[in-house]
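Each remark here refers to the structure printed beneath this line.
FYI, it's all coordinate maths here, none of it is from the lab. Just so we're clear, the structure is a prediction, and the values are computed from it rather than from any experiment. Ideal geometry is used to build each Cβ from the backbone, glycine not excepted, and the neighbour counts take in all protein chains shown.
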Amino acid sequence: MSPDNDNLFIRGSVTLHVPCKYSYLRIIRQSVMDLCARAGLSEFKAAQMEMAVDESCANIIEHSYGGESTPDNEAKHPGLRINLIHASDRVMVEILDRGAGFNFEEQQIIEPEKYLENENERGLGMFIIKRFVDDATYEPDTRAGNCLRLTKMIR
Amino acid sequence: MRECSIDVEEQGDVDILRLNGSLDAYSFPRLETTLNQLRDSKRHRVILDCSGLEYISSAALGALIGFARRSRENKGDLKMAGMTPRIYNIVELLGFHKILEICDSIDAAMEKFRQ
């Protein structure tokens, strides 16, 4: 499903600027849950959106920035800008970064059944990012940075 | 939403790991260290008290599955107890309930180990 993003009525939005640190994931998740509750998503759908956003942000810090920022590399790790949007019949979360980006379409999705068959303990993140939401798109290198947009329909 | 605390309580040959808060990429190293310490000291029978668990990432779930697999090779197991519906829904959606034993309570998990 690819929801039509044209002619959306923005009911409310919040923007977070967070450093490239895993310790900030909690604040991002809490904000996602608050917006989802306000928009009327069921707790189950909100938990899926929460997990998709958390895995996305952790992936971006790890792969697009190559890890958390330190006092030495802060200039090259400007962090994440996160736009939380309640629009018409959906909740959208845009995650923008200024890292190296990655090839979103070519990222391998490991299905849970395959994941359980092998011994690899990592690799489920992309499955969650792409399947726990109704639409996931990635635009590298826009004027605002690399943009991962996750959309969850309210009903 | 709180940061995750992990407390280990020994009850005979079973260790109860009490998780409180969110298990994400930030708290994951703490979980990994705790599981490695249990494995190194050959403690292979573990119950995870999930009643205070608010969030769990895919990496943390992967580490738990890895620990359960290795424990079973050593005649042990890792059982999850007291999961909230929100966490259970995610675990079920990923199909992990088929590989991790999930019990209603710590007492029920203890009883499973006694069988």
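The local environment of A:Asn83, defined by Cβ-Cβ distances under 10 Å, has a net charge of +1 under the rule Lys, Arg +1 and Asp, Glu -1. Just list whichever of A:Lys45/B:Lys98; A:Lys114/B:Lys112; A:Lys76/A:Lys130; A:Lys45/A:Lys152 have alpha carbons separated by over 19 Å in the model shown. Too far apart for the 19 Å limit: A:Lys45/B:Lys98; A:Lys114/B:Lys112; A:Lys76/A:Lys130. Ranked for footprinting exposure by Cβ neighbours inside 10 Å, fewest first, B:Arg70, A:Arg143 give A:Arg143, B:Arg70.
So, R0 is 45 Å and r is the distance between the beta-carbons of B:Arg30 and A:Asn5; what FRET efficiency does that work out to, to 0.05? That pair, B:Arg30 with A:Asn5, gives E of 0.70. Please list, by residue number, everything in the range A:120-155 whose backbone N is under 11 Å from a paramagnetic label point 7 Å out along Cα→Cβ of A:Ile109. Only A:126-136 pass the distance filter. Averaged over the residues of B:84-92, the number of partner chain Cβ atoms lying within 10 Å of the residue Cβ comes to 2. Which residues in the range B:13-40 have a backbone N closer than 15 Å to a point placed 7 Å from the Cα of B:Arg86 along the Cα-to-Cβ line? What the label zone holds, given the 15 Å backbone N cut-off, is B:20-24. This ranking places A:Ser31, B:Ser51 by how few other beta-carbon atoms lie within 10 Å of each, fewest first, which gives B:Ser51, A:Ser31. Here chain B is treated as an ellipsoid with the same Cα gyration tensor; its semi-axes, largest first and in whole Å, are 19, 16, 14.
Taking other C-beta atoms within 10 Å as the exposure proxy, A:Val32, B:Val91, B:Val8 rank B:Val8, B:Val91, A:Val32 from fewest upward.
Placing a label point 7 Å from the Cα of B:Val8 along the Cα-to-Cβ direction, the residues of the range B:68-85 whose backbone N falls under 19 Å of that point are B:68-81. Provide, for q = 0.16 Å⁻¹, the log10 of I(q)/I(0) from a solvent-free Debye sum over equal Cα point scatterers in the protein assembly as shown. These q points yield log10 I(q)/I(0) values of -1.22. Within the set of other residues whose C-beta is less than 9 Å from the C-beta of B:Cys103, count the net charge using Lys and Arg as +1 and Asp and Glu as -1. So the surrounding residues net to -2. Each Lys or Arg adds one and each Asp or Glu takes one away; over the other residues whose Cβ falls under 12 Å from the Cβ of A:Ala136, this sums to -2.
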